[in-house]
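Here is the structure we will look at, set down as C-alpha cells.
The values are calculated or read from the model by the stated rules, or taken from the named source; none is laboratory data. Everything quoted here is computed from the prediction, not taken from an experiment. Glycine gets a Cβ as well: all are built from the backbone with ideal geometry, and neighbour counts include every protein chain shown. Only protein heavy atoms, including side chains, enter the accessible area calculation; ligands, DNA and RNA are left aside. Shrake-Rupley method; radii C 1.70, N 1.55, O 1.52, S 1.80 Å.
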Amino acid sequence: MRIDRITPELVELAPRVLQPGRLYISEKYRAVVHLCCCGCGEKVVTPLSPAEWQIQLAQGRATLHPSIGNWSMACQSHYLIRDNRVIWSGQLSKRQIKAVFERDQRDLQAMHRGTQEQPTVEQSTPSPSPSGGERADAGWRARLKAFWQWLTR
Ligand SMILES: [Zn+2]
C-alpha cells in the first residue's frame, strides 16, 4: 500500500529492520535510508552529497531533493518527499530515466572536476553573498583582537 506521509528520524546507523513511513537520516554516513513508499518493502538508500541528494530538515519536517526514482526496482516508483509528505509522480519513461542518469553523471563529473572550471553546472551551489566575505573577515579580526588582548593581558 502506498503511503503519503513519512517521518524523519536522525540515526547514526539505520536499524536492521526498517519501519515503513520512516526516513532514517544518518549524518555520520551521509545517507538517507527508507523503505520504498509504495509498500513493496524494498530498501531505498540515497547518498547525501551536492551531486546526489540533499535533505532539508525544518521543525521536524524533511524535504529530500531531488525526487526518488526507484527505476532499478520492480515497482518503478517515483515520488518526491516534501515537508514529510510523499508526492507521487507518474512513472518515468525510458527516455526520461536516461535523461536523469545522464544529468546525474554530469553532476558527478562536475563535482569530481572541482571548482576550477565549468561554472555553469554549479547552479545548485549558492554563490557566496558579497556580505559573506566581510562577515567572515570581521569574525577573523575579532578573534585576532581577542587573541592579542589575551597575549598582552
Ligand atoms: Zn516500491
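Out of all the residues in the range 44-54, which are surrounded by fewer than 16 Cβ atoms within 10 Å (Cβ to Cβ) and outside any loop (DSSP other than H, G, I, E, B)?
Taking the range 44-54 first, the residues surrounded by fewer than 16 Cβ atoms within 10 Å (Cβ to Cβ) are 45, 47, 49-50, 54.
Selection gives VAL45, PRO47, GLN54.
Determine, yes or no, whether PRO20 is within 16 Å of the ligand (Cβ to nearest atom) and open to solvent by 50 Å² or more (accessible area, probe 1.4 Å). Show your work before the answer.
Details: within 16 Å of the ligand (Cβ to nearest atom): yes; open to solvent by 50 Å² or more (accessible area, probe 1.4 Å): yes.
Taking the combined requirement at face value, the residue satisfies it.
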* To do: Only residues in the range 55-81 that are open to solvent by less than 50 Å² (accessible area, probe 1.4 Å) count as the first member; pair them with residues that are away from the ligand (no atom under 16 Å from the Cβ) and at pLDDT below 90, Cβ under 7 angstrom, at least 6 apart or cross-chain, and list the lot.
  => GLY69/VAL100
* Does ILE87 meet the test of being surrounded by 19 or more Cβ atoms within 10 Å (Cβ to Cβ) and either charged (D, E, K, R) or assigned to a strand (DSSP E or B) (or both)? -> no
* Residue in the range 3-17 that is surrounded by 13 or more Cβ atoms within 10 Å (Cβ to Cβ) and under 27 Å from ALA110 (Cα atoms) present -> no
* To do: Could you give me the residue pairs with C-beta distances under 9 Å whose first residue belongs to the range 34-50 and is without any contact (Cβ under 8 Å) to a residue 24 or more places away in the chain, whose second residue is polar (S, T, N, Q) and surrounded by 14 or more Cβ atoms within 10 Å (Cβ to Cβ) wherever it lies, and which are 6+ apart or on separate chains?
  => LEU48/SER26; LEU48/GLN54
* To do: Quickly run through the range 29-43 and pick out the residues that are closer than 19 Å to LEU108 by Cβ and either within 16 Å of the ligand (Cβ to nearest atom) or assigned to a strand (DSSP E or B) (or both).
  => ALA31, VAL32
